[in-house]
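A quick write-up on the structure given underneath.
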Amino acid sequence: MFYCSQILSHVFTDIALVDEEEDRLYGDKRGDELPPELDSPEKIRKKLQELEEASGKRVKRATKHLIEQYAHGDARQKEKILEKLDKAEEEITKSEQRAVSLSDPEARFMGNKNHMELSYNAQITVDHDSGIILANYVTQECTDRHQLQLQLELVEKNLGALPEGTKVSMNNGYFIGANLWYLEQKALDGYIPNSKQAQEQKGKKVEEGQYSQDKFVYDEDKDHFICPAGGQLTRKGEYMYDDKPLYTYYGANCNECPFRAECAGKKRIRVITSDGYEAERRRMAAKMRSDLGKEEYRNRKETVEWVFGNMKQNMKFRAFLTRSTKGARMEHNLVCTGHNLKIVWGKLGRNVPALGKISGSIVNLASQVCGLTRLSYSRDLLVCSQD
Ligand code: SF4
């Protein structure tokens, strides 16, 4: 269902050129005659084969279908197809992907288990005690890194400010320094494992070098690192990466160090790079190593994973039926509302009159019922709608 934009633009350029040449040769006719090079399915197939051979890329079924539609369509249909291609081109440029779906150009390739799929990234925040979804959002972003703040803002929009100390747990996808800093600023009790801890939680053993960055002690007040051999690394450089500042710390005593080869490799001195959130990262790692941290993280599965399970297994919501980000957001919102209604229905003992008396939103009810002391975040990749 995908297409290679270059191939398509060649095809349509060819068609346009043929059209022009035909006008020159035959003058005005009906206006819907096909270019002679493309006036039969055989010729279209031959043209596509030539393009495939020239580009070395396979033209997918949807592309062929579109070209046939263009060749046989009237002026309005042709205009619609060109609009579709313009949109696809725009999304290819925006996404920096090599291809997009013609059915839903706003979907993005995302890694789902062992393969890539055109999907949207659906985010939910769930109250631990009730299982009610307090906020949801659908994003085109392939990772979860920048979703934490938005989810918290949505929860607070729905419920008002979260009490200090509210527990919030997320998986490793949300572990970036800026998120940890944000949680601390809001005095929320976050639980997010780093990648090593996430692997260990899954029972995998992660080997760490004796001189890996985690083995260096960070002194927040003095803003320097102390290496395993007792040497100091001080901040000397700063540069921008991905619009964010990164800081470099250089070892002061590496020249005479007997462990230099193991620690710094072929370099003369050991250099450490950090993003300015080293202290937050260390605090979170220490919390997640504690028994409490491990237990809270285990609780997360009970809080949030079953909600996606319910939506996918019981409510049969496995792929979006609508297209575009706007459509996917609306659809996801409805599914989340359905999930919440089922919970409220259960809590009210299936009492129809009581259900009718609920004023305000379900999330307000959730805050009254549950007291909101523990939230969990999760994401799921949901495949985009296709023809
Ligand atoms: S090479 Fe430098 S940073 Fe590494 S252990 Fe030796 S003194 Fe410490």
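Each reported figure results from applying straightforward, stated rules to the coordinates on display, with no laboratory input. As the structure is a computational prediction, the values presented were derived from the model and not from experiment. Here the Cβ positions follow ideal geometry from the backbone for every residue, glycine too, while neighbour counts run over all protein chains shown.
Using the Karplus relation 6.51 cos²θ - 1.76 cosθ + 1.60 with θ = phi - 60°, the per-residue 3J(HN,Hα) values for the range 215-221 come to 7, 8, 7, 9, 9, 5, 5 Hz, with x marking Gly and Pro.
I'd like the FRET efficiency for GLN210 and LYS342, computed as 1/(1 + (r/R0)^6) with the beta carbon distance as r and R0 of 56 Å, rounded to 0.05. Let's see the in-between values first.
Values: r = 53 Å, r/R0 = 0.94.
The pair GLN210/LYS342 has a calculated efficiency of 0.60.
With only the Cα atoms considered, the range 213-283 has a convex hull volume of 95 Å³ per residue. Backbone geometry of the range 71-83 corresponds, through the Karplus equation with coefficients 6.51, -1.76 and 1.60 at θ = phi - 60°, to 3J(HN,Hα) couplings of 5, 9, x, 7, 4, 5, 5, 4, 4, 5, 5, 5, 4 Hz, x marking Gly and Pro. Going through the range 99-146, which trypsin sites (Lys or Arg not before Pro) have at most 16 other Cβ atoms within 10 Å and a DSSP loop state? Filter output for the range 99-146: LYS113, ARG145. This ranking places CYS263, CYS254, CYS142 by how few other beta-carbon atoms lie within 10 Å of each, fewest first, which gives CYS142, CYS254, CYS263. Distant-in-sequence amide contacts of GLY276, defined by a placed amide H-H separation under 5 Å and a gap of 5 or more residues or a different chain, comprise TYR247. Applying 1/(1 + (r/R0)^6) with r as the Cβ-Cβ distance of GLU164 and SER290 and R0 = 22 angstrom yields a FRET efficiency of 0.65.
For GluC sites (Glu not before Pro), the sites in the range 138-208 that DSSP calls loop and that have at most 12 other Cβ atoms within 10 Å are GLU164, GLU207, GLU208.
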